[in-house]
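Shown next, in structure tokens, is the structure this report addresses.
The values are calculated or read from the model by the stated rules, or taken from the named source; none is laboratory data. This structure is a prediction, so every number in the text was calculated from the model and none was measured. Here Cβ is always computed from backbone atoms with ideal geometry, including for glycine, and neighbour counts include all displayed protein chains. To get the accessible areas, we keep the full protein, side chains included, count just its heavy atoms, and leave off ligands, DNA and RNA. Shrake-Rupley method; radii C 1.70, N 1.55, O 1.52, S 1.80 Å.
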Amino acid sequence: QVQLVESGGGLVQAGGSLRLSCTASGRIFRINAIGWYRQAPGKQRELVAVIGGGGYTNYADSVKDRFTISRDTTKNTAYLQMNSLKFEDTAVYYCNANIRRQATMSEWSTYWGQGTQVTVSS
């Protein structure tokens, strides 16, 4: 069974920083892309940043110059460094990963973490 667990959320003042972590565990052969999403009250879940297996990255325009996504392949872990946080960044942040579980079967599945709350005070 594959599980994703996020950590690092909390309460921070506007202008401050947080670093989120997402670790995948269980039977894993390979992880393709890993994405960070967020969902604010009254809004749909949106993509914040994504990183591929080859290291490419992409960001939502609203966070492009402030957030940095990275990964440690050996640890099956992804990070989201969030700087210059704004009140508008307040949301539950979720990790998402596309994972192949077996070497002998090319079947990919998508998994979600439970989410971690980020609250930015104005």
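Go through region 55-67 and count every residue that is open to solvent by 50 Å² or more (accessible area, probe 1.4 Å) and more than 20 Å from Val92 (Cβ to Cβ).
Residues in region 55-67 being open to solvent by 50 Å² or more (accessible area, probe 1.4 Å) and more than 20 Å from Val92 (Cβ to Cβ): 6 in total.
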Out of the residues in region 18-27 that are small (Gly, Ala, Ser) and surrounded by fewer than 18 Cβ atoms within 10 Å (Cβ to Cβ), which is farthest from Ser70 (Cα to Cα)? Gly26
Which condition breaks for Arg30 when tested against (1) modelled with pLDDT of 95 or more; (2) surrounded by 14 or more Cβ atoms within 10 Å (Cβ to Cβ); (3) over 13 Å from the mean Cα position of the chain (by Cα)? (1)
Which residues, taken from region 57-95, are in contact (Cβ under 8 Å) with a residue 24 or more places away in the chain and within 17 Å of Lys43 (Cβ to Cβ)? Ser62, Val63, Lys86, Phe87, Glu88, Asp89, Thr90, Ala91, Val92, Tyr93, Tyr94
From the options Ser62, Ser109, residue that is outside any loop (DSSP other than H, G, I, E, B) and farther than 16 Å from Glu6 by Cα: Ser109
Identify all residues within region 1-39 that are in a loop (DSSP other than H, G, I, E, B) and closer than 16 Å to Arg101 by Cβ; write none if there are none. Gln1, Val2, Gly26, Arg27, Ile28, Phe29
Out of curiosity, is Gly42 within 21 Å of Val120 (Cβ to Cβ), open to solvent by 40 Å² or more (accessible area, probe 1.4 Å), in a loop (DSSP other than H, G, I, E, B) and without any contact (Cβ under 8 Å) to a residue 12 or more places away in the chain? yes
For region 71-122, name all the residues that are touching a Lys or Arg at 6+ places or on another chain (Cβ under 9 Å), acidic (Asp, Glu) and open to solvent by less than 60 Å² (accessible area, probe 1.4 Å). Asp89
Every residue from region 45-54 that is at pLDDT below 95 and either open to solvent by 40 Å² or more (accessible area, probe 1.4 Å) or aromatic (Phe, Trp, Tyr) (or both): Gly53, Gly54
